[in-house]
Every structure is written in structure tokens, then in C-alpha cells.
């Protein structure tokens, strides 16, 4: 796969509050240091027209003033809440290898003692292990997206991302270093990944590599802008599957996995067997034991 081009841009803000309660990932803030993603996953929702990202398949925008903005805004935040990395793009791609914005932003986060939740498909996160251990004095959590353990299938679906095996190996290393880490098992693509064998393989691999949780979603979201690209890739790699999507789901936003309830039961039974939670525990600020009592 050809490398995307980079374009440096300046932005007005970098740390966005999450509205309401985030029951999925426990975030209070979102931060995207890049706009666009070199992993080029065929199902990526960020291609959706509502996000107004042009040239998603050709370039990555690098928010070159992001660190200055973060250094300014973070100490002025009254609420100490979890900062999410990876909501609109993976924070660890070749762009990070060149610019290092994620690693430098994590150093600022560590300085001001904010908790983080990183969501990635890359073992490049290991380069920031020492910083994550500092952040973990408050709270550091790293989730690896794994939708299949089939290496050949992953290459077709996530052509620019490190292999599932590399992600799982990184997860084991983080777990050994005391970082809470687990799997985001989404999307599970209907007619491609929604089999008992795939679900079982993911759970078993997660258990074997130190997963503290698995967050599932049995299906995929599809909407304008994303749908067109996704269907082209289905035609390219999975002839006949696009027609199944059109007949089964029409223009629906959420396309659930086949045998949804059976797959969910299998998943829950396996997670119970291996003692793996299927929801994240909420972030609870640690009390500063050095603070003197008023009485």
C-alpha cells in the first residue's frame, strides 16, 4: 500500500469534551493529533460524509501546533478526566513515526497528571511505554482493536495496520508492565467475520495475551461517504458480499451480525469462563493521601 502524503495545518483547538456519559470507553475528552489515517481500514467510519474529511485515502493532516495548544489548555481544565487518543484516527501510524505528536502529547499529559485511554491497531504504542507507566500513577489504559485473528483476512480489511499477532504481542508486553490493556472487538463484519470460530479465536487470543477486558460490537455501522468505499472494497476482495449487504440491510446505519444473539451468548460464555469483563470499569480519581485532614 502506498504511503499517504502529509500536510501540516494549524488548528484552533485540540482537546474536545465528550458530551454526556461515555459508557463505551469512559472518556471525558477526545484528542486527535492527526486527521486521516494510514491504516486505511476498509470499514472505517471516519470516511463518513458527516465528518467532512476530504482526501481521506490520499493525505494525513498533521496538527502542527497541537502540542502548544495542549500545553496551554490542560492545566486550565477544572475536571480531571480520561483523555482519549484514537477516536477519529489511529494515533500510531507512519505519521507518528515522523512527527511524534502522540508521544510528546503523552509527556504533557503525564506532566499534568491526567488519565488516558489509547485505542490503536499498532504495536508502535510500545515506544511510549515509559511515559504510560508515569501516567499510570493516575491511570493509563490501552485498547487494541482486533476484529479477526486471521492474518490473511486482516491484510484485506486493514491493509496499513500491523498484524493482529503484533497487536496481541504488544498487549501482552503492556500487561506485563502493569498497564491495563484489552481488546476492542469491533466491528464484526456481517458475512465475513460473524462466525463462532472468529469470535472464539479472538477471545482465546485475548485471554492468552493478558487482556483485562474485551469491548464487543456485533456488526458494523455504514453511512454516506463510508458506504461507497466499503462496497468498492467488498467487490474487490469479497465478490458477492456487497449484494448481500444491499439485500439484507438496505440503507440502514447499523448492520448487525448474522445470528447476533447466538454470537453474543458464545462471547459472554467464553468471557465468563476466562474471567474477562465485557465492560470497562469507570475511572475513579485516586485520593491524594498527602492532603492533610481538616479535622
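The values are calculated or read from the model by the stated rules, or taken from the named source; none is laboratory data. Bear in mind the structure is a predicted one, so any value in this text is a computation, not a measurement. A quick note on method: Cβ atoms are made from the backbone with ideal geometry, for glycine too, and the neighbour counts reach across all protein chains shown.
For the stretch 56-88, give me the residue count where each residue is touching a strand residue (DSSP E or B) at 6+ places or on another chain (Cβ under 7 Å), more than 15 Å from residue 27 (Cβ to Cβ), in a loop (DSSP other than H, G, I, E, B) and modelled with pLDDT under 95.
1
Considering each of 200, 236, 180 in turn, give the residue that is free of Cβ contacts under 8 Å to residues at least 24 places away in the same chain, surrounded by fewer than 22 Cβ atoms within 10 Å (Cβ to Cβ) and either over 30 Å from residue 285 (Cβ atoms) or touching a strand residue (DSSP E or B) at 6+ places or on another chain (Cβ under 6 Å) (or both). Steps first, please.
Working: 200 fails: free of Cβ contacts under 8 Å to residues at least 24 places away in the same chain; 180 fails: free of Cβ contacts under 8 Å to residues at least 24 places away in the same chain.
None of the others qualify; the one that does is 236.
Going by what's in this entry, would residue 171 be described as modelled with pLDDT of 95 or more and crowded, with 23+ Cβ neighbours inside 10 Å? Spell out the reasoning first.
On the way: modelled with pLDDT of 95 or more: yes; crowded, with 23+ Cβ neighbours inside 10 Å: yes.
Answer is yes for this residue.
Where residues in the stretch 32-45 are closer than 20 Å to residue 101 by Cβ and touching a strand residue (DSSP E or B) at 6+ places or on another chain (Cβ under 9 Å), which of them is modelled with the lowest pLDDT?
36
Can you give me the number of residues within the stretch 109-124 that are over 12 Å from the mean Cα position of the chain (by Cα) and buried (at least 20 other Cβ atoms within 10 Å of the Cβ)? Spell out how you get there, then give the answer.
Initially, the stretch 109-124 is screened for residues over 12 Å from the mean Cα position of the chain (by Cα), giving 109-116, 123-124.
If we keep only those that are buried (at least 20 other Cβ atoms within 10 Å of the Cβ) as well, we get 109-110, 114-116, 123-124.
Total satisfying the criteria: 7.
Select, from 74, 70, the only residue that is buried (at least 20 other Cβ atoms within 10 Å of the Cβ), closer than 22 Å to residue 124 by Cβ, over 19 Å from the mean Cα position of the chain (by Cα) and touching a residue at least 40 places away in the same chain (Cβ under 8 Å). Steps first, answer last, please.
Values: 74 fails: closer than 22 Å to residue 124 by Cβ.
Within the list 74, 70, the selection yields 70.
Is it the case, given these coordinates, that residue 212 is touching a residue at least 60 places away in the same chain (Cβ under 8 Å) and surrounded by fewer than 22 Cβ atoms within 10 Å (Cβ to Cβ)?
On the way: touching a residue at least 60 places away in the same chain (Cβ under 8 Å): yes; surrounded by fewer than 22 Cβ atoms within 10 Å (Cβ to Cβ): yes.
It is true that residue 212 is touching a residue at least 60 places away in the same chain (Cβ under 8 Å) and surrounded by fewer than 22 Cβ atoms within 10 Å (Cβ to Cβ).
Going through 220, 241 one at a time, which residue ends up being surrounded by 22 or more Cβ atoms within 10 Å (Cβ to Cβ) and either out of contact with any helix residue (DSSP H, G or I) (no Cβ under 6 Å at 6 or more places or on another chain) or in contact (Cβ under 8 Å) with a residue 40 or more places away in the chain (or both)?
Working: 241 fails: surrounded by 22 or more Cβ atoms within 10 Å (Cβ to Cβ).
So the residue among 220, 241 that is surrounded by 22 or more Cβ atoms within 10 Å (Cβ to Cβ) and either out of contact with any helix residue (DSSP H, G or I) (no Cβ under 6 Å at 6 or more places or on another chain) or in contact (Cβ under 8 Å) with a residue 40 or more places away in the chain (or both) is 220.
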